[in-house]
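Everything below concerns the one structure shown next.
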């Protein structure tokens, strides 16, 4: 059935472009009408369970991009010999647009992972002194354009506590092994 609708829409575009209109309007009308006839057929016969894959504004912009492509093809048709044969193939672009516009449920949207809120890290006087020494360095890995000193401190402090926790985790098995060895003597 789709093949018949394709042929009919291409034939209607051909008839309009060659027998009803002359000049540039014939080229534009032929391509745009055949494309939109087949697109309308595909939209009417499609199962709309999936929904739009884009918000309405993006759907309109997507369609306008396709129409821009078609207008470019019609323009080229007026300047390139035998490019008029392309008008028979133009409705073949409509399935691509319908696939983009109506593929809403093909995407799997996963809810954002919910992270447990962490308690803010309390800084000690030792942390403040170490950060002051960090500020005196020429290369500071947490310094970014537009980032305040307070934000830099928060990132630096989180990294410092993460490194301390990692070193304590590595030292814990060694301490446990040392205490086990001292108890066997």
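Each value in this text was obtained by applying a stated rule to the coordinates, not by laboratory testing. Just so it is clear, the structure is predicted and the values come from calculations on it, not from any experiment. Here the Cβ is made from the backbone with ideal geometry for all residues, glycine too, and neighbour counts use every protein chain on show.
By how many nm would the segment from residue 46 to residue 138 grow when fully extended, if each residue of separation counts as 0.36 nm and the alpha-carbon distance is taken off?
Values: separation 92, 0.36 × 92 = 33.12 nm, distance 6.26 nm.
Length difference between fully extended and current span is 26.9 nm.
Of 16, 80, how do they rank once you tally other Cβ atoms within 10 Å and put the fewest first? Intermediate values should be presented prior to the final figure.
Working: 16 19, 80 10.
Fewest-to-most ranking of 16, 80: 80, 16.
For the pair residue 163/residue 67, report the inter-label distance in nm, with labels modelled 7 Å from Cα in the Cβ direction.
About 5.9 nm separates the two model spin labels.
For region 1-66, just list the percent of Cα-Cα distances falling in each 10 Å bin from zero outward, please.
20, 39, 31, 10, 0
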